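The values are calculated or read from the model by the stated rules, or taken from the named source; none is laboratory data. Not measured: the values here are computed from a predicted model. So basically every Cβ, Gly included, is an ideal-geometry build from the backbone, and we count neighbours across all protein chains shown. Keep in mind that these areas ignore ligands, DNA and RNA; they rest on the heavy atoms of the full protein, side chains included. Shrake-Rupley method; radii C 1.70, N 1.55, O 1.52, S 1.80 Å.
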Amino acid sequence: MFGKSKLGNICYYVSDIDKTEAFYSDVMGLDVQRMEGDGEGEGDWLIASTVNGVDLIFFVMESHPGNSPIIVFEIAEGGIDDVVSTLADKGVTIVTPVSHAPGGWSSEFADPDGHVISMYQSTELPRSLKKVA
């Protein structure tokens with residue numbers, strides 16, 4: 001199911017967006033861009049691109065060891081609802097159902113040790129690829 005998906009992002013939850021921006025930009029030397037939150041209650045977030053195309057994304061959210069960072073698989077063809085349904089049918093714990101994310105949809109699930117894995121797809125793609133009979 002994820003064998004042909006590329007690792008698109010690594011998502012970090014941070015307590016202070018300004019300190020995070022300064023660290024990754026000034027100390028690490030990454031090109032960090034501040035993005036405006038696009039919903040009610042959503043604050044600014046950061047994106048830092050790397051040479052191999054894996055973006056580091058930073059959201060202000062309560063963080064504790066074990067819930068950050070989160071790797072994010074890109075669902076390039078769409079069908080995130082189908083993927084979540086298939087995972088649930090296989091007994092996988094769905095941590096966060098499909099929900100709005102900046103520019104798309106995301107969902108999180110847990111591996112057998114409780115590590116959270118995320119998936120993301122653009123809003124331009126269909127949430128389901130199943131044919132309706």
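For the stretch 1-65, GluC sites (Glu not before Pro) meeting the loop criterion (DSSP other than H, G, I, E, B) and having at most 12 other Cβ atoms within 10 Å: Glu36, Glu40, Glu62. Assuming charge only on the beta carbon of Lys and Arg (+1) and of Asp and Glu (-1), the dipole of the stretch 65-132 about its Cα centre is about 180 debye to the nearest 20.
Report the semi-axes of the equivalent ellipsoid for the stretch 1-66 in whole Å, largest first, where each axis is √(5λ) for an eigenvalue λ of the Cα gyration tensor.
Semi-axes, largest first: 20, 16, 12 Å.
Test of the criteria: in the stretch 34-133, which trypsin sites (Lys or Arg not before Pro) are in a DSSP loop and have at most 13 other Cβ atoms within 10 angstrom of their Cβ? Provide the component values of the computation, followed by the final result.
On the way: sites: Arg34, Lys90, Arg127, Lys130, Lys131; in loops: Lys90, Arg127, Lys130, Lys131.
Within the stretch 34-133, the qualifying trypsin sites (Lys or Arg not before Pro) (loop, at most 13 other Cβ atoms within 10 Å) are Lys90, Lys130, Lys131.
Taken one residue at a time, the phi angles of the stretch 51-63 give Karplus couplings (6.51, -1.76, 1.60, θ = phi - 60°) of 4, 8, x, 8, 8, 9, 10, 10, 10, 6, 6, 4, 10 Hz. Gly and Pro are set to x.
Is the shape of the stretch 1-112 best called rounded, prolate or oblate, per the rule: a/c under 1.5 gives rounded, else a/b larger than b/c gives prolate, else oblate, with a ≥ b ≥ c the square roots of the Cα gyration tensor eigenvalues?
Details: a/c = 1.90, a/b = 1.68, b/c = 1.13.
It comes out prolate by the Cα gyration axes.
Sequence gap at least 6, Cα distance under 8 Å: using those rules, report the relative contact order of the chain to the nearest whole percent.
RCO, the chain: 24 percent.
With a ≥ b ≥ c the root eigenvalues of the C-alpha gyration tensor of the stretch 65-132, is it rounded (a/c under 1.5), prolate (a/b larger than b/c) or oblate?
Working: a/c = 2.59, a/b = 1.36, b/c = 1.90.
Judged from the Cα gyration tensor, the stretch 65-132 comes out oblate (a/c at least 1.5, b/c at or above a/b).
To put it simply, the accessible area of the chain at a 1.4 Å probe is 54 percent carbon and sulfur. So, counting K/R as plus one and D/E as minus one, what does the shell of residues with Cβ under 12 Å around Ser25 add up to? Result for the local shell: -2. Taking amide hydrogens as placed 1.01 Å from N in the peptide plane, the amide H of Val60 sits under 5 Å from those of Val14, each at least 5 positions away in sequence or on another chain. Computed from the C-beta positions of Lys130 and Ile71 and an R0 of 30 Å, the FRET efficiency is 0.70 to the nearest 0.05. Computed with a 1.4 Å probe on the full set of protein chains, the accessible area for Ser85 sits at about 50 Å². Please list the non-local residues whose amide H lies under 5 Å from the amide H of Val95, H modeled 1.01 Å from N, same-chain partners needing a gap of 5 or more. Correct list: Glu108, Phe109, Ala110.
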